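Reading through the structure tokens given below for one structure.
The values are calculated or read from the model by the stated rules, or taken from the named source; none is laboratory data. Bear in mind the structure is a predicted one, so any value in this text is a computation, not a measurement. Cβ coordinates were reconstructed from backbone atoms using ideal geometry, including for glycine residues, and neighbour counts include every protein chain displayed. Keep in mind that these areas ignore ligands, DNA and RNA; they rest on the heavy atoms of the full protein, side chains included. Shrake-Rupley method; radii C 1.70, N 1.55, O 1.52, S 1.80 Å.
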Amino acid sequence: MHSLNWTSRVISRALRSSFSTLLETATNRTGNGSVKSSSSRSPTPTPQRPHFVSVVCGFAKDNLRHKYKPGKYGEDSWFKASTEQADVMGVADGVGGWRSYGIDPGEFSSFLMRTCERLVHCSHFNPQRPVNLLAYSYCELMEQKKPILGSSTACVLILNRETSTVHTANIGDSGFIVVRQGEVVHKSEEQQHYFNTPFQLSLPPPGHGPNVLSDSPESADTMSFPVEDGDVILIATDGVFDNVPEALMLQVLREVEGERDPVKLQMTANTLALMARTLSLNSEFLSPFALSARRNNIQARGGKPDDITVVLATVAI
């Protein structure tokens, strides 16, 4: 653990000195990214409704193959959206095995997240049903004239402003973690058919259907829970959870409980993303992925190189 603490400090210093220009910052407090404020003419300021202060950071596994595109890190995709009713965040991880069939795995995950983002602004959006976003997005994907083939895991999280309640839907091994007063109070459970084979939404090429795992959006694991002012919420793809031990992750997230400065939040997101990247390339590190492999009688050591996406938020009430 001492070596992990040292790694955390070194990574954090490196990020603060040279890495911030590569990353994206957004508070997402309103739909256009601006911050709502009370009218200067009002003698009594109107209290802000619950909202997220959120930032994003990530890496493509292969930086030479994947050029940066908004909303994507390699085959990972993400979105953030905001309405009067809710703040919404999501991540999706395209299943890389499709590349051997000539299929770009990132197209499937990107379509899901772009469609979720658009549907948040539709009249039928329900801030208590994130699984609906996944289901409607998946249906639209299936109905495209030009098929978007592949598979993806996905995790969507909605903050209902009216009730200060978060609703989540997670399918596969992306996920989220909520930290309050230095402890993990809520987290997702990964869904696996068997080791390293997560639940996934799929559209296989013709003739491959019987041999491809395909789960329905309704099979997503769902949760609902109240949140409090200052809660820290991390939503991320498995490139983070497979490489960063929860204890180390918690150590980093504790530092930003109650933080509303997006710059400070961004530095923490940077730290987590680079930490995951560094550990994924360490062949001697006994990563969470390697430990899971050993529990399944597979001798493994080292990190798991992968695309990495971190969406980090604090709750402001």
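Round to the nearest 0.05 the FRET efficiency obtained for residue 211 and residue 297 when R0 = 22 Å and r is the Cβ-Cβ distance. Intermediate values should be presented prior to the final figure.
Numbers: r = 25 Å, r/R0 = 1.12.
For residue 211 and residue 297, the calculated efficiency is 0.35.
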#### Entry: Relative contact order, percent, region 258-317 [alpha-carbon distance under 8 Å, six or more residues apart]
40 percent
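Would you tally the net charge around residue 160, using a Cβ to Cβ cut-off of less than 13 Å, leaving residue 160 out, and scoring K and R as +1, D and E as -1?
Numbers: positive: 49, 129, 161; negative: 84, 87, 162.
Here the charged neighbours net out to 0.
Please give me the summed charge of the neighbours of residue 181: other residues whose Cβ is under 10 Å from its Cβ, Lys and Arg +1, Asp and Glu -1. Display every interim value, and only then the final one.
Values: positive: 180, 254; negative: 183, 228, 231, 257.
Every neighbour counted, the sum reads -2.
Would you mind calculating the gained length between residue 261 and residue 139 on full extension (0.36 nm times residue separation, minus the Cα-Cα distance), in nm to one decimal? Could the numbers behind the result be given before it?
Values: separation 122, 0.36 × 122 = 43.92 nm, distance 3.80 nm.
Residue separation times 0.36 nm, minus the Cα-Cα distance, leaves 40.1 nm.
Quick check for the chain: number of Lys pairs with alpha-carbon distance under 17 Å, counting only pairs 8 or more apart or on different chains? Numbers along the way, then the final one.
On the way: 36/80; 61/69; 61/72; 61/304; 69/80; 72/80.
Pairs that pass both the separation and distance tests number 6.
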### Query
Hey, in the GNM for the chain with a 10 angstrom Cα cutoff, which one of 187, 72, 80 fluctuates hardest?
187
### Query
Given a Förster distance of 25 angstrom, what is the FRET efficiency for residue 196 paired with residue 65, based on the Cβ-Cβ distance and rounded to 0.05?
0.70
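Around residue 76, under 10 Å between beta carbons, what's the net of Lys plus Arg minus Asp minus Glu among the other residues? Each step should come with its number before you reach the end.
Values: positive: 61, 72; negative: 75, 93, 238, 306, 307.
Charge balance near residue 76 sits at -3.
Can you give the relative contact order of region 49-316 as a percent, counting alpha carbon pairs under 8 Å and 6+ residues apart?
Working: 647 pairs, mean separation 63.2, N = 268.
RCO, region 49-316: 24 percent.
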### Task
Would you mind getting the accessible area per residue of region 49-316, heavy atoms of the protein chains only, 1.4 Å probe, in Å²?
41 Å²
